[in-house]
1. Can B:Ile209 be described as touching a residue at least 60 places away in the same chain (Cβ under 8 Å), closer than 30 Å to B:Phe257 by Cβ and not small (Gly, Ala, Ser)?
2. Please identify the pairs in which a residue from the stretch B:50-72 that is closer than 25 Å to A:Asp8 by Cα has its Cβ atom under 6 Å from the Cβ atom of a residue that is basic (Lys, Arg) and in a helix (DSSP H, G or I), counting only partners at least 6 apart or on another chain.
3. Identify the residue in the stretch B:37-55 that is exposed (fewer than 13 other Cβ atoms within 10 Å of the Cβ) and either in a helix (DSSP H, G or I) or touching an Asp or Glu at 6+ places or on another chain (Cβ under 6 Å) (or both) and, among all such residues, is farthest from the other protein chains (Cβ to nearest Cβ).
4. Inspect all residues belonging to the stretch B:190-208 and state whether any of them is closer than 22 Å to B:Pro94 by Cβ, touching a Pro at 6+ places or on another chain (Cβ under 6 Å) and assigned to a loop (DSSP other than H, G, I, E, B).
5. Yes or no: the stretch A:204-221 includes at least one residue that is farther than 30 Å from A:Gly115 by Cβ and touching a His at 6+ places or on another chain (Cβ under 7 Å).
6. Here is a check on your reading of the model: is B:Leu110 under 15 Å from B:Ser264 (Cα atoms) and touching a Phe, Trp or Tyr at 6+ places or on another chain (Cβ under 9 Å)?
7. When you scan the stretch B:211-222, how many residues do you find that are exposed (fewer than 14 other Cβ atoms within 10 Å of the Cβ) and part of a helix (DSSP H, G or I)?
8. Counting only residues that are of a type in the set (Val, Ile, Thr) and either over 14 Å from A:Gly128 (Cβ atoms) or under 17 Å from the mean Cα position of the chain (by Cα) (or both), how many does the stretch A:86-116 have?
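The values are calculated or read from the model by the stated rules, or taken from the named source; none is laboratory data. Just so we're clear, the structure is a prediction, and the values are computed from it rather than from any experiment. For neighbour counting, all protein chains shown are included, and Cβ atoms are generated from backbone atoms with ideal geometry for every residue, glycine included.
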Amino acid sequence: MFRHGYEDTGRRYTLQILQNVWMHLHPPRLPRHALNFRFTWCMGGITFLMFLVTAVTGVLLMFYYRPTAEYAFHDVQYLEFDIPFGMLLRNMHRWSAHGMVIAVMLHMFRVFLTGSYKKPREFNWSVGVILLLVTFFLSFTGYLLPWDQLAFWAVTVGTNMARATPVLGHEGPFHPHDIVTQSNDVRFALLGGTIVGPSTLLRFYILHCVAVPLLASVLIALHFWRVRKDGGISGPL
Amino acid sequence: MEHFLELVTKADNVPIMAIMFLLPFFTWLAFSQARRNDRAGTPAEAAQKDKVYVWPYLCRSEFVCAIIVMLILAVWSITIDAPLEEPSNPTQTPNPSKAPWYFLALQEMLVYFDPWIAGVVLPGFIIGGLIAIPYIDINPKGKGYYTLKERPFAIGTFCFGFFVLWIVLMIVGTFLRGPGWNLFAPWVKWDPHKVVPLTNINLTYLLGIRNDQTATFVGFIFVAGYYALGPICYLWKIKTSKFLQELGLVRYIIISFLFLTMFSLPIKMALRWGANVKYVWVTPWFNI
């Protein structure tokens with residue numbers, strides 16, 4: 001735009017999208033109803049925006065946080081009281097994570113109500129369901145990191161379900177008594193121990209900051225790519 | 001009441017308050033468009049099929065939308081601080097201990113089913129069922145526009161699951177469940193010493209069966225009979241229903257299984273609240 005001026009032509013509009021690595025996620029043109037807020041509610045885009053905000057604020061938070069039982073809680077306190085805008089940073093991270101959960105549920109609701117999961121978009125709907133799960137898991141793993149009473153017990157309650165997993169949990173139905181015990185079932189794999197402890201904190205930190213965001217990024221790329229490949233935004237035939 | 005206001009204005013409960021306003025608004029927005037489309041016969045979007053340029057029209061909308069959302073987020077982050085309680089202490093269990101708000105519907109299900117069902121099997125079916133939706137819904141109508149008339153069953157089932165079994169249970173779990181996971185009305189102070197008589201009994205005991213083996217067998221008949229409702233309807237209607245013939249047996253079995261599983265929760269809730277039923281089917285290995 002700055003190098004060759006800006007002619008007000010359709011060719012220019014098209015190039016603006018095609019010649020930009022960020023913009024070319026979009027098609028050059030799309031049906032008029034896709035601009036309608038009443039139709040899309042913007043919820044998919046808001047979910048992605050919230051994901052970006054959590055990614056940026058999350059990276060900044062990582063500078064001040066050590067995922068060990070000795071330091072975690074005090075690092076969060078330090079962040080809140082001593083670091084300039086530390087509290088704001090933490091608030092933005094937490095509230096945008098909550099916002100992402102709300103937006104992703106509303107996005108799914110909209111996609112269902114407009115029947116946008118129907119042929120040929122079946123596969124992309126499935127990717128979306130997995131992304132919903134990933135969003136919950138991202139939010140849940142992050143919940144532990146402040147290492148306060150709220151975090152500790154919410155995660156204790158949440159992960160207690162795993163002990164009741166049929167066959168694979170040490171209190172679940174049909175588990176082989178001599179083989180699946182408290183110290184090798186699925187809950188142990190998730191926590192790295194028999195209760196929520198320092199190794200759980202490290203596990204959840206790595207899942208929250210590396211593993212799950214990577215998975216989410218890959219699935220988001222797939223999700224966006226499929227939107228284009230399946231014919232762009234849904235609409236009446 | 002003061003205590004309830006405190007609960008409602010708790011920082012981590014803000015998202016639930018937001019949902020309580022956002023969801024009715026968006027439901028109204030969707031259903032008003034659906035009614036308009038149904039009345040007109042053709043969806044309003046069909047008249048807007050002409051193409052417009054993404055730059056500048058869509059990019060402009062996205063930009064404005066992003067700015068508005070970031071503004072809301074900024075105000076939210078400046079005015080309300082993220083909670084931080086005392087340092088974690090494994091020897092001091094708070095009562096009640098609650099999962100994060102988006103998992104409270106699952107925690108609420110624990111009241112009615114054992115953990116292996118409420119915490120593992122049912123969430124698995126929720127995810128599996130959601131993924132299965134496009135493959136079992138063969139109705140070609142209502143693709144890409146809002147409608148109620150053309151797919152009442154699909155929308156009715158989804159809305160029941162989403163509103164009643166997910167959102168309402170989440171709200172109940174957050175605002176009405178107190179110490180001991182007992183129900184407290186909003187105006188009642190949470191009393192950790194509230195005594196609730198544990199008078200729940202098994203359905204077979206209620207029916208007068210005292211022998212364990214007979215109880216297991218009768219319970220099995222109840223559960224199997226409930227799931228047999230699907231195939232019975234199929235055999236009854238298959239001759240006359242063109243829809244069922246097109247749907248096919250496999251899809252039908254998946255739909256009826258998921259549908260009946262979903263409704264087992266409200267049925268179990270009704271049995272618990274109405275008749276203090278603990279389990280329907282008791283076996284030496286598991287209880288349902």
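1. Against the criterion (touching a residue at least 60 places away in the same chain (Cβ under 8 Å), closer than 30 Å to B:Phe257 by Cβ and not small (Gly, Ala, Ser)), B:Ile209 does not qualify.
2. That search, which allows pairs on different chains as well, returns B:Asp50/A:Arg32; B:Val52/A:Arg32.
3. B:Arg39
4. Here is the first cut: in the stretch B:190-208, the residues closer than 22 Å to B:Pro94 by Cβ are B:190-196.
Pick out the ones that are also touching a Pro at 6+ places or on another chain (Cβ under 6 Å) and you get B:190, B:192.
Now narrow it down to the ones that are assigned to a loop (DSSP other than H, G, I, E, B): B:190, B:192.
So far as the stretch B:190-208 goes, yes, one or more of its residues are closer than 22 Å to B:Pro94 by Cβ, touching a Pro at 6+ places or on another chain (Cβ under 6 Å) and assigned to a loop (DSSP other than H, G, I, E, B).
5. Checked the stretch A:204-221: no residue is farther than 30 Å from A:Gly115 by Cβ and touching a His at 6+ places or on another chain (Cβ under 7 Å).
6. So B:Leu110 fits the description; yes.
7. Total satisfying the criteria: 4.
8. 3
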